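Heads up: the structure comes next, in structure tokens.
Every number in this text was worked out from the coordinates using simple rules, so none of it is lab data. Bear in mind the structure is a predicted one, so any value in this text is a computation, not a measurement. Neighbour counts are summed over all protein chains in view; Cβ atoms, including those assigned to glycine, are modelled from backbone coordinates with ideal geometry.
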Amino acid sequence: MQTTGRSLTGLRLVLGVTGSIAAYKAVGLLRLLRHESAAVSVVMTAGACRFVTPLTFEVLSGAHVATELFEAHQEMLHLSLPEQADAILIAPATANCLAKAALGLADDLLSTMLLTTQCPVIFAPAMDGDMWRHPSVMEHVATLRRRGAVIVEPEEGSLASDRAGPGRLAQEQTILTALQSATHPRRDWAGRRVLISAGPTQEAIDPVRFISNRSSGKMGYALAEAAQKRGADVLLVSGPTALQPPSGVELCSVTTADEMREAVLNRFAWSEAVIMTAAVADFRPALPSSRKLKKHDRPTMNLKLEQTDDILRELSGRRTTQLLVGFAAETEDLLAHAQEKLHAKDVDLLVANDVTAAGSEFGSDTNHVILLNRGGHTEMLPLLSKRELADRILDRMLALQIVPQSSKKPSRTRTSRKG
């Protein structure tokens, strides 16, 4: 079995198993946790017991498997189990489990435990793709994240319904890594001030129409979450997205390229590191209309565009000691275009990806990138979740010897906010 550096030896874990067809995969996960020398108590819902018997988990864990809120000779399990636990891992987590946790419903042992626990909680969802993408499920996931829960997003692949799509339980090693991060949080960015831009911008044609791009903002939000969890003081400047800001991250919402530029420049002096993931519009309508343009008034329309300011290049020209990271989304000749942008923008690190490649499309939860630094080093990373990639990028930034923390933190420049 593959293991990682952060040991689970001696940790007391609760493994919650819910009623998904993926419940059988929790058996292998339990074996991995035991191999990592963790003490594991298993809690199963009634639905989980219909897929795998409690006896299987009891034999592998070497401990009683709890299935009922009111068990004979087992007093107050909903209090004693979470009180003794260093972390609770729910894998697989069904849509019903996520909903109950988000809404605070408590009708069985596992859901009641979640109302009493103070330790880290990690959810690894598994369900059909349409269920995972349903707005209510997405809202519940966002709610849990805001409260500090860790969500190990499901992977894409073949599902029990014979369909293909997102919903497969994440791989054991991915879940293990998330658990290790939750129980042994890294604080190597503690006290550092990080400014991150994310999402698209929208440039008005008239009061109801605009031009924009396909950026979802997921990479920037993943970086904000990772940096905050590693101790950084994070300010996220975001264009319009459907995402919720990570817990503990300050959000500044903007819409246009000009607003993005103003917000970033106003906070630049405050920052020690700047990560520009935002897909800022390169062009905008030169003469936006102050009233809605009527289709019947103009059978054809020529839209004159003008260039927007190059925020990344402007930051490079203004910086003093800030570490500067840029992103390049390309559709061809990835390495050549990335090297050109690295030098043209004069950044310390450039993250480049081909948005036409499988797993790297706009809106996907994964990315396959090349990292280039100003020293000439090029590194091609494997396909990773955006959250995993965020940690890799932060690691490489530290390797570039980010400037020492100053003893006195300058105050942030405040501007009016939207949203």
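Quick notes on this one:
- Karplus 3J(HN,Hα) series, Hz, for the range 10-16 with 6.51 cos²θ - 1.76 cosθ + 1.60 (x for Gly, Pro): x, 6, 9, 10, 10, 9, x
- The fewest-to-most ranking of Thr174, Thr201, Thr321 by surrounding Cβ atoms within 10 Å reads Thr321, Thr174, Thr201.
- Whether the range 100-236 is rounded, prolate or oblate, judged on the alpha carbon gyration tensor where a/c under 1.5 counts as rounded: oblate
- With both labels modelled 7 Å from their Cα along Cα-to-Cβ, the Arg147 to Thr378 distance reads 4.7 nm.
- When you count the other C-beta atoms within 10 angstrom of each residue and take the mean per peptide, 212-220, 14-22, 377-385, 341-349 line up highest first as 14-22, 212-220, 341-349, 377-385.
- Residue (of Thr117, Ala190, Gly148) at the positive-pole extreme of the chain, dipole from beta-carbon charges: Ala190
- Note on the chain: with charges restricted to the Cβ of Lys and Arg (+1) and Asp and Glu (-1), its dipole about the Cα centre is near 1260 debye.
- Model label sites at Lys304 and Arg6, defined 7 Å from Cα along the beta-carbon direction, differ in position by 5.6 nm.
- With respect to the chain, whose longest principal axis is taken over its alpha-carbon atoms, helix 257-268 is tilted by about 70°.
- At R0 = 35 Å, FRET efficiency that the Cβ-Cβ distance of Ala242 and Arg50 yields, to 0.05: 0.50
- Where (i) 75, 58, 41; (ii) 85, 48, 45; (iii) 73, 48, 41 are the candidate values, the label of the one calculated here for Cα extents along the principal axes in Å is (i).
- Across the chain, Cα pairs under 8 Å and at least six residues apart give a relative contact order of 11 percent.
- Lys pairs under 19 Å by Cα in the chain, provided they are eight or more residues apart or on distinct chains: 6
- Each of the chymotrypsin sites (Phe, Trp or Tyr not before Pro) that DSSP puts in a loop and that has at most 15 other Cβ atoms within 10 Å breaks the chain; the longest unbroken stretch is 71-361.
- Three-way shape call for the range 1-135 based on the alpha-carbon gyration tensor, with the a/c threshold at 1.5: rounded
- Each of Asp130, Asp354, Asp162 was scored by other Cβ atoms within 10 Å of its Cβ. Listed from fewest to most, they are Asp162, Asp130, Asp354.
- In this rough spin-label picture, where each label sits 7 Å from Cα along the Cβ direction, the Thr356-Ser289 distance is 3.4 nm.
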